[in-house]
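The values are calculated or read from the model by the stated rules, or taken from the named source; none is laboratory data. Being a predicted model, the structure only gives us computed values, none of them experimental. Ideal geometry is used to build each Cβ from the backbone, glycine not excepted, and the neighbour counts take in all protein chains shown.
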Amino acid sequence: MYHAKLRIDLLPMTANKMCGMGWRARHKHALEVKRIVHAELLSLRVIPEKPIKKAKLKLTRCSSKRPDYDGTVSSFKWVIDGLVRAGVLYDDNIDVIGEPEYKWESAGQHCGHIKIEITEI
């Protein structure tokens, strides 16, 4: 059974923050988030031999300001895509990841990060 917990010093933008951006800036941010997630997984050597076909995800946003719930959820879109790109997850559809658990925790200003917990089920 695969299980990994990681903390990444990255604070992905929420949908509200990205609304005013052009498509190029949104695309650039999405690529950067996926790249950082993939690089972190590689550096920690936590990529399974085969992508997980059924997983439970617990995703926590740690920031100085509490976003609304849909903002928290939207900020993890590219993170989950990064898990697929890295070969941790087979896909990001509901059959593979079900309904991830999204949380928020307070963090100091300029100390934002995310926590990811992946459990194969």
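Quick look at the values:
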| item | result |
| --- | --- |
| Unique residue being modelled with pLDDT of 95 or more, within 16 Å of Pro12 (Cα to Cα), of a type in the set (D, E, K, R) and in contact with an Asp or Glu (Cβ under 7 Å, 6 or more places away or on another chain) when the list is Asp81, Asp92 | Asp81 |
| Residue list for the stretch 96-121, restricted to those being farther than 14 Å from Val73 by Cβ and loosely packed, with under 10 Cβ neighbours inside 10 Å | Gly108, Gln109, His110 |
| Among (1) part of a helix (DSSP H, G or I); (2) modelled with pLDDT under 95; (3) more than 13 Å from Ile8 (Cβ to Cβ), the one test that Leu42 misses | (3) |
| Candidates Gly87, Gly22, Gly71 - the one that is on the phi > 0 side of the Ramachandran plot and not basic (Lys, Arg) | Gly87 |
| Residue satisfying all of: in the stretch 14-39; β-branched (Val, Ile, Thr) and not in a loop (DSSP other than H, G, I, E, B); surrounded by the fewest Cβ atoms within 10 Å (Cβ to Cβ) among these | Ile36 |
| Close pairs (6 angstrom Cβ cut-off, 6 or more residues apart or separate chains): charged (D, E, K, R) and part of a strand (DSSP E or B) in the stretch 90-114, surrounded by 13 or more Cβ atoms within 10 Å (Cβ to Cβ) and at pLDDT 95 or above anywhere | Glu101/Lys58; Lys103/Thr60; Glu105/Thr60; Glu105/Cys62 |
| Residues of the stretch 40-59 that turn out to be under 17 Å from Lys115 (Cβ atoms) and either crowded, with 18+ Cβ neighbours inside 10 Å or of a type in the set (Gly, Ala, Ser) (or both), as a count | 6 |
